[in-house]
Amino acid sequence: MRKHGFFGLLATGCLTAFSPAQAEPPQPEDVEVHATRPVTVQTYQAVARVFRRFNALPEQDRANLSLHVLGRLQPGDAPLKASGLHLQTRNGPIPLFNAENDELTVPLTEALWAENPPLQANLKADAFISFTFQIAVSPPHPGTFTDAEARHWLRQLNNCMEDVVGFVVAFLLPDAHRLIVSVAPHSRLEAVQNNQTQLLLDNASDTPQSFMFRPQDYPRDTVFRSTRPFSRILVKIPLDPHAKMKRKS
């Protein structure tokens, strides 16, 4: 929205009201205001169903795992908050973005499920929101985990796939074989086995760096450790699932 159109008109009116009388009356101005109106892009139930389905998986399959959906406004690859994505409920709008990152935040309540309000966003005709899905791990210790724990997380995701899409379809999909570790700034990721230390990543930068690896490539008694707590640990989802959300016709 080009806000200066409205404020420019307001300022002109104030100046006219408090200025001395002029010899000639002011001429009318043509003020053009451009705005992107909120449009419906989806319904609450369609989006909440994904999170409810994940939360309904057997506890042993999803323990220490959490589902995260990240969105970006396209074209232009702008932050999700730039889309103004929100639920338009009877009690008013509820933002669906985290102001600090691009994560989709969907409140899961029975009241909203019953109301099923529309999701709305400020989208131009050619704009859309792209989403990617992540499975994050909450390790028991913030800066270390074992090879056995890593393999367990991979098996859990495989079990979740079977729970969601069925055993036959899951059998045809590639297994989850990799972890993605986000190494904190100015920290080192190491693999320790039989008192021997192997440097995997030395992050000397001021931002987190990702390291992707196969736990199966290391002995089972290996311990992975970082000199600072991990920023995030992800299980790589097979086929890199993604989705788009655009205005409904």
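Observations on the model:
- Straight-distance candidates among the lysines for linking to Lys236, with alpha-carbon spacing under 27 Å and chain neighbours fewer than 8 residues away dropped: Lys81, Lys244, Lys246.
- Peptides 80-92, 189-201 ranked from most to least packed by the mean count of surrounding Cβ atoms within 10 Å: 80-92, 189-201.
- The H on the amide N of Thr227, modeled in the peptide plane, is under 5 Å from the matching H of Arg188, each at least 5 residues off or on a different chain.
- Alpha-carbon radius of gyration plus Dmax, which is the widest Cα pair, for the stretch 201-242 in Å: 12.8, 35
- For the stretch 66-77, 3J(HN,Hα) per residue [Karplus equation, 6.51 cos²θ - 1.76 cosθ + 1.60, θ = phi - 60°, Hz, x = Gly/Pro]: 9, 8, 10, 10, 10, x, 9, 7, 10, x, x, 6
- One way to sum up the overall shape of the stretch 65-204 is the equivalent ellipsoid from its Cα gyration tensor, whose semi-axes run 36, 21, 15 Å, largest first.
- Leu201 long-range amide H proximity, modeled H, under 5 Å: Leu189
- Karplus-derived 3J(HN,Hα) values for the stretch 215-230, using 6.51 cos²θ - 1.76 cosθ + 1.60 with θ = phi - 60°, are x, 5, 7, 10, x, 5, 8, 6, 10, 9, 9, 10, 6, 9, x, 5 Hz; glycine and proline are entered as x.
Read the figures in this text as sums done on the coordinates, not as results from a lab. Everything numeric here is computed off the predicted structure, so don't read it as measured data. Heads up, the Cβs are rebuilt from the backbone with ideal geometry, glycines too, and the neighbour counts pull from every protein chain shown.
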